[in-house]
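*Asks:* There's a structure below that I have some questions on.
The values are calculated or read from the model by the stated rules, or taken from the named source; none is laboratory data. Since the model is a prediction, treat every value here as computed from it, not as a measurement. Neighbour counts are summed over all protein chains in view; Cβ atoms, including those assigned to glycine, are modelled from backbone coordinates with ideal geometry.
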Amino acid sequence: MGYDLLAAVDLGSNSFRLQIGRVIGNQIYPLDGLKDTVRLASGLTPGKTLDGPSQLRALDALARFGEMLRGLERGAVRAVATNTLRVAKNAPQFLVEAEAALGFPIEVIAGREEARLIYLGVAHTLPNPHMQHLVVDIGGGSTEFIVGRNFQPGLLESLYMGCISYTLRYFPGGRVTKKLMKQAELAARKEVQAIAHAYLGAGWEEAVGSSGTAKAIADLLELNGFNPGGATGITREGLERLRGALYEAGDAGKLSLEGLRADRVPVLPGGVAIMSAVFREFGLERMTFSEGALRLGVLYDLLGRYHHEDLREATVAAFMLRYEVDARQAARVGRTALRLLGELASAATINGQPEGRLLSWAARLHEIGISVAHSSYHKHSAYILENADMPGFSRRDQQRLSRIVLGHRGKLDRVQAMTREPADWLLIFALRTAALLHRSRDDGPDLPVRAGVTPRGFQLTVNEAWLDASPLTAAALEDETLQWAALGSQLRLRKLR
């Protein structure tokens with residue numbers, strides 16, 4: 001399905017942003033947007049929980065965003081959360097309230113997925129995307145690094161350092177001295193050193209900065225004449241002059257510079273320290289600025305999904321190759337699982353979600369753990385799906401895939417502790433039953449088995465003659481009734497003559 005309007009919500013560690021775009025062909029034209037400087041990362045306690053005031057600021061912002069999004073279809077909106085909600089221990093509880101305020105699901109995305117989406121947004125704003133670019137995005141809690149060309153990222157990394165976290169740690173109360181700046185810059189350089197060799201090896205023709213910190217620094221350097229020869233963007237000499245101005249003021253709040261926005265003052269010292277470290281470790285002399293950022297990348301990723309260029313499909317195909325999946329068996333299981341889900345869904349609501357697509361991915365990937373060990377391979381499969389970098393998939397997507405695959409065989413009680421979503425059990429039942437029915441791994445005729453939902457669980461209607469001729473399957477199905485009974489559920493076998 002295509003949409004005329006798409007919307008992206010970016011729950012960043014510093015700012016929350018909403019961008020609505022109009023789709024014309026394969027391009028997105030910005031239509032409206034909102035920004036709220038929530039500073040979520042500043043509410044992260046030493047115990048890695050979000051404090052009350054930061055949660056209230058966030059919920060207020062999301063309620064305003066939700067008002068603007070009212071009327072848009074669910075599939076036309078994608079909300080993503082970044083570093084602070086990746087690390088906050090109480091993020092799951094907060095997200096329940098956050099989704100209620102926004103009116104749409106919120107995905108907590110992994111660092112490399114954030115980097116991929118940032119690059120996608122930046123690449124669509126570059127005058128020459130065919131050049132090799134280094135993209136650096138300094139956020140409130142993390143900094144993303146990408147090397148890419150032709151809309152395709154080659155290297156993706158996310159480092160746990162941001163303008164809020166570094167300002168709070170190294171510049172207490174906004175105080176700035178040469179010693180404090182040196183400490184912050186050295187800490188950032190140590191982080192960057194871990195990736196510098198690979199990035200310098202890949203090389204680039206132009207360095208690009210994106211998002212708020214890069215924009216704020218570029219504006220300050222240009223408007224105050226800090227760049228040599230009236231150069232635009234960010235230069236090494238300009239950064240040194242900006243640091244000098246910070247030392248002279250002694251406090252970011254006392255800095256008097258053209259173009260310095262009040263909302264940027266509290267996080268400027270940390271941003272300058274990280275940018276200086278990037279320049280030093282990568283040997284940069286100049287960096288341009290791009291208006292493209294995470295929210296624009298989310299919009300283009302949405303557009304790709306509805307133009308049948310879903311990156312998740314490419315990721316699943318790549319995983320099947322990497323882990324040498326038996327593609328014919330995956331297809332058999334997938335076909336039967338989707339048919340069973342269709343029969344179940346006729347009797348139960350699946351929350352309007354594209355559950356069939358998730359089930360198809362689970363069927364194609366349920367045996368990837370065999371590459372680790374055949375014994376308990378479903379556990380290995382589940383671990384890989386939850387913890388691997390899977391471009392295009394949110395953390396929630398991966399967790400659901402992992403649960404469904406973990407439940408496709410073995411004891412069900414370990415899955416029961418992981419999920420309360422009714423739709424998960426429909427998918428688990430469909431995949432579990434399909435995998436059981438295809439254990440012989442042969443291409444026989446359609447199986448005479450139909451599925452249904454009962455008030456207490458599930459029902460399988462099977463041809464009695466076929467079942468009598470399949471004693472192993474009959475025994476396995478009898479065992480299944482015990483597995484579901486152990487959960488307090490029911491699997492009823494109904495035999496037709």
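*Asks:* With in a helix (DSSP H, G or I), under 30 Å from LEU155 (Cβ atoms), of a type in the set (D, E, K, R) and touching a residue at least 40 places away in the same chain (Cβ under 8 Å) as the only criterion, which of GLU97, GLU107, GLU113 stands out?
*Replies:* GLU113
*Asks:* Looking only at the range 90-114, count how many residues are modelled with pLDDT under 95 and of a type in the set (D, E, K, R).
*Replies:* Counting residues in the range 90-114 that are modelled with pLDDT under 95 and of a type in the set (D, E, K, R) gives 4.
*Asks:* Does at least one position in the range 242-264 carry a residue that is in contact (Cβ under 8 Å) with a residue 24 or more places away in the chain, within 19 Å of THR177 (Cα to Cα), part of a loop (DSSP other than H, G, I, E, B) and basic (Lys, Arg)?
*Replies:* Yes, the conditions are met somewhere in the range 242-264.
*Asks:* Taking THR433 and the conditions (1) assigned to a helix (DSSP H, G or I); (2) outside the structural domain of GLY410 (by TED's automatic domain parsing); (3) surrounded by 18 or more Cβ atoms within 10 Å (Cβ to Cβ); (4) of a type outside the set (Phe, Trp, Tyr), which numbered condition does it fall short on, given that it satisfies the others?
*Replies:* THR433 satisfies every listed condition except (2).
*Asks:* If I ask for residues that are modelled with pLDDT of 90 or more and of a type in the set (D, E, K, R), which ones from the range 259-281 would you list?
*Replies:* ARG280, GLU281
*Asks:* Please find, within the range 370-384, the residue that is nearest to GLN399 (Cα to Cα) out of those that are touching a helix residue (DSSP H, G or I) at 6+ places or on another chain (Cβ under 7 Å), of a type outside the set (Val, Ile, Thr) and in a helix (DSSP H, G or I). Reasoning before the result, please.
*Replies:* Going through the range 370-384, the residues touching a helix residue (DSSP H, G or I) at 6+ places or on another chain (Cβ under 7 Å) turn out to be 370, 372-373, 377-382, 384.
Next cut, of a type outside the set (Val, Ile, Thr) only: 373, 377-382.
Imposing the further condition that a residue be in a helix (DSSP H, G or I) reduces the set to 377-382.
On the way: TYR377: 17, HIS378: 14, LYS379: 13, HIS380: 14, SER381: 12, ALA382: 9 Å.
Filtering first and then ranking leaves ALA382.
*Asks:* Can you list the strands (runs of 3 or more DSSP E) lying wholly within the range 118-219 that have 1 or more residues being free of Cβ contacts under 8 Å to residues at least 60 places away in the same chain, at negative phi and of a type outside the set (Ser, Thr, Tyr)?
*Replies:* 143-149, 152-159
*Asks:* Right, VAL272: surrounded by 14 or more Cβ atoms within 10 Å (Cβ to Cβ), closer than 30 Å to ARG439 by Cβ and either within 27 Å of the chain's Cα centre (by Cα) or not aromatic (Phe, Trp, Tyr) (or both) or not?
*Replies:* Values: surrounded by 14 or more Cβ atoms within 10 Å (Cβ to Cβ): yes; closer than 30 Å to ARG439 by Cβ: no; either within 27 Å of the chain's Cα centre (by Cα) or not aromatic (Phe, Trp, Tyr) (or both): yes.
It is false that VAL272 is surrounded by 14 or more Cβ atoms within 10 Å (Cβ to Cβ), closer than 30 Å to ARG439 by Cβ and either within 27 Å of the chain's Cα centre (by Cα) or not aromatic (Phe, Trp, Tyr) (or both).
*Asks:* State all residues of the range 437-447 that are touching a Leu at 6+ places or on another chain (Cβ under 9 Å) and without any contact (Cβ under 8 Å) to a residue 40 or more places away in the chain; if no residue qualifies, say none.
*Replies:* ARG439, SER440
*Asks:* Consider only pairs whose beta carbons are under 9 Å apart and that are at least six residues apart or on different chains; among these, list those whose first residue lies in the range 50-75 and is in contact (Cβ under 8 Å) with a residue 12 or more places away in the chain and closer than 13 Å to ILE106 by Cβ and whose second residue is in a helix (DSSP H, G or I) and among the aromatic types (Phe, Trp, Tyr).
*Replies:* Qualifying pairs under 9 Å: ALA58/PHE94; LEU59/PHE94.
*Asks:* Here's a follow-up. Which of the residues belonging to the range 457-494 are closer than 17 Å to GLU343 by Cα, charged (D, E, K, R) and surrounded by 13 or more Cβ atoms within 10 Å (Cβ to Cβ)?
*Replies:* ARG492
*Asks:* What's the number of the only condition in (1) within 18 Å of LEU303 (Cα to Cα); (2) buried (at least 20 other Cβ atoms within 10 Å of the Cβ) that ALA41 fails to meet?
*Replies:* With respect to (1) within 18 Å of LEU303 (Cα to Cα); (2) buried (at least 20 other Cβ atoms within 10 Å of the Cβ), ALA41 is out only on (1).
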